[in-house]
1. Write out, first by first residue and then by second, each pair whose Cβ atoms fall under 6 Å of each other, whose residues are 6+ apart or on separate chains, and whose first residue, in segment 17-41, is surrounded by 10 or more Cβ atoms within 10 Å (Cβ to Cβ) while the second is modelled with pLDDT of 90 or more.
2. Check off (1) closer than 30 Å to L133 by Cβ; (2) free of Cβ contacts under 8 Å to residues at least 24 places away in the same chain for N50 and give me the number that stays unchecked.
3. Is it true that N132 is touching a residue at least 12 places away in the same chain (Cβ under 8 Å), more than 38 Å from the chain's Cα centre (by Cα), more than 20 Å from Q51 (Cα to Cα) and in a helix (DSSP H, G or I)?
4. Hey, any hits in segment 126-141 for a residue that's touching a Lys or Arg at 6+ places or on another chain (Cβ under 8 Å) and not acidic (D, E)?
5. In the list R121, R148, which residue meets the criterion of being under 30 Å from R18 (Cα atoms) and not aliphatic (A, V, I, L, M)?
6. Restricting the search to segment 148-180, which residues are without any contact (Cβ under 8 Å) to a residue 60 or more places away in the chain and within 56 Å of the chain's Cα centre (by Cα)?
7. Could you identify the single residue in A34, A2, A39 that is under 30 Å from Q165 (Cα atoms) and among the small types (G, A, S)?
8. Does W102 satisfy the condition of being in contact with a helix residue (DSSP H, G or I) (Cβ under 6 Å, 6 or more places away or on another chain) and surrounded by 10 or more Cβ atoms within 10 Å (Cβ to Cβ)?
Amino acid sequence: MAALQRYEKDLMRLKQQRESEKNQFYHNINLGTAQAKEARDTTNTNLKLNQTFINQQKEWNRQQRADDKFNRQQYYKPHYGPEEDEEVIHKMNMENARKTSWNYNSLVNQLNDQASDNKNRQDNEDHQDLSNLRNTLMIQKAENDTLRYKEATSKANMRQAWLEQMAYKKVHKQTDNFFQ
């Protein structure tokens, strides 16, 4: 009777332990997803701030170009030498247009590079998260397998002890009956 009660207590304790492990596992998963969401939110906030800053730079450059264009259209003689003819003015305007085009292209390339870097970083983070989750699941499975093995051997040992106790009681009963 005591062995049966011990066995029932062991089963109840094992059940409680498994429930606790299950709750801890789900809690860890929820915590990991919350941390990943927080990291993504932080990254998105930083990206929005960067984009706002870049837009401000683009607006400032646009304003500068408009001011420069206005100043270029206002021809003045910066020196007292011979007058500049249309060809020299056209070359200066072309040089300024080339510089403006180069600035615009470099900004576009910078934005494209930042976007690709952010995409690659996000992909790497997602891949790392998946890898961590797989590793966690493998560890959990190994622990569960070890627990199952321990349970099976524990049950076999308890059964063997119970059988030995029953054999001892049987022998004891036969000895009592013999002496009566």
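The values are calculated or read from the model by the stated rules, or taken from the named source; none is laboratory data. Bear in mind that the values here come from a model prediction, so they are computed numbers and not experimental data. Cβ: placed from backbone, ideal geometry, glycine included. Neighbour counts: every protein chain shown.
1. Qualifying pairs under 6 Å: A36/D129.
2. N50 satisfies all of (1) closer than 30 Å to L133 by Cβ; (2) free of Cβ contacts under 8 Å to residues at least 24 places away in the same chain except (2).
3. no
4. No, that holds for no residue.
5. On inspection, the qualifying residue turns out to be R148.
6. Residues satisfying the conditions are R148, Y149, K150, A152, T153, K155, A156, N157, R159, Q160, L163, E164.
7. Values: A34 fails: under 30 Å from Q165 (Cα atoms); A39 fails: under 30 Å from Q165 (Cα atoms).
Only one candidate passes the filter, namely A2.
8. Taking the combined requirement at face value, the residue does not satisfy it.
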